[in-house]
Amino acid sequence: MVAIGGISLPRFIAPSLHRQSFSPPAIGFARFPNRIRLRSTVALLDEVEKTGSRAAIVNRKVDGLVKSDCETDFDATLGNGHARNSGKNLGVLSTVGNSTNIKWHECSVGKIERQSLLEQKGCVIWITGLSGSGKSCVACALNQILYKMGKLAYILDGDNVRHGLNRDLGFKAEDRAENIRRIGEVAKLFANAGVICIASLISPYRRDRDACRAILPDGYFIEVFMDVSLEVCEARDAKGLYKLARAGKIKGFTGIDDPYEVPLNCEIVLKNNGGSPCEMAEKVMSYLEQKGFLQA
């Protein structure tokens, strides 16, 4: 550390900058207790040593240092370790839900660039149906086919997500709605990353599925309905859940004492006609190829 005017600066600041005029002495996102208006030029070198400070901002060429792609024009008011952009970087702050004073930050590497890198288009394949209808089996078969083709996909399985992200949710109507909302938002991020996201979960309520569709561009939400009757699903009962629900040991079980709302305008319907999960997955693959999702 070096000291200037009673303020310690990280050693990664170029020595030639130590004589720069600071008013008051400050750098980038250093944790200072007082509110400080930056009017100085500070350079971030290629190799940044991890110190108590958090960052340094470059706003123009200084002492022969070349401005990089990461450099930003910056004029900030610091308080409590946070910075607020002003000048040309100041955008309209938003309120979304309970989040206030937030601003969307754009990056030069976007969805198109990521899709070009992966040679595919990101989308969400939403597989819905009763418990035991074969959703997870079809999802895994589809994932395997895509993998063999060199395409990047990821499965968001309803049970798997409840092991972590949604472990705080139960199966009441409001919890189910929040479960679907969170998975829909995560699926959207995967699609934006250029990944073919396969969401496999009961998602019994039409309004919740439609809400997930609404947050994606038109055509990028592909709803796949596993059209398998309750009788067939209950006969399979691989988890033994139908038996427990019939005995009254599980309340609010879809198909028994909680409704399943059949999709009205889904893109793909997979019927129980004796086909294997791989054969069903091939139908989804045909759709993806037809719609151009398997190339950038």
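Here are some notes:
- D218 - accessible surface, heavy atoms, 1.4 Å probe, Å² rounded to 10: 150 Å²
- Peptide packing: for 127-136, 93-102, the average count of neighbouring Cβ atoms within 10 Å per residue gives the ranking 127-136, 93-102, highest mean first.
- Projected label distance in nm at Q144 and R246, using a 7 Å step from Cα toward the beta-carbon: 3.0 nm
- For R213, net neighbour charge (Lys/Arg +1, Asp/Glu -1) across residues whose Cβ lies under 11 Å away: -1
- The distance between label points at C107 and K271 comes to 4.5 nm (points 7 Å beyond Cα on the Cα→Cβ vector).
- With the simple spin-label model, which puts each label point 7 Å out from Cα in the Cβ direction, the L264 to A177 separation comes to 1.8 nm.
- Placed amide H near E223: partners under 5 Å, 5+ positions off or other chain: W126, E267, I268
- The listed residues W126, W104, once ranked by accessible area (1.4 Å probe) with the largest placed first, stand as W104, W126.
- Å² per residue, accessible surface of the range 151-280 at 1.4 Å: 52 Å²
- For Y287, Y205, the ranking by accessible surface with the largest value first comes to Y287, Y205, using a 1.4 Å probe.
The values are calculated or read from the model by the stated rules, or taken from the named source; none is laboratory data. Everything numeric here is computed off the predicted structure, so don't read it as measured data. Neighbour counts are summed over all protein chains in view; Cβ atoms, including those assigned to glycine, are modelled from backbone coordinates with ideal geometry. Accessible surface is based on the protein model in full, side chains and every heavy atom, while ligands, DNA and RNA are left aside. Shrake-Rupley method; radii C 1.70, N 1.55, O 1.52, S 1.80 Å.
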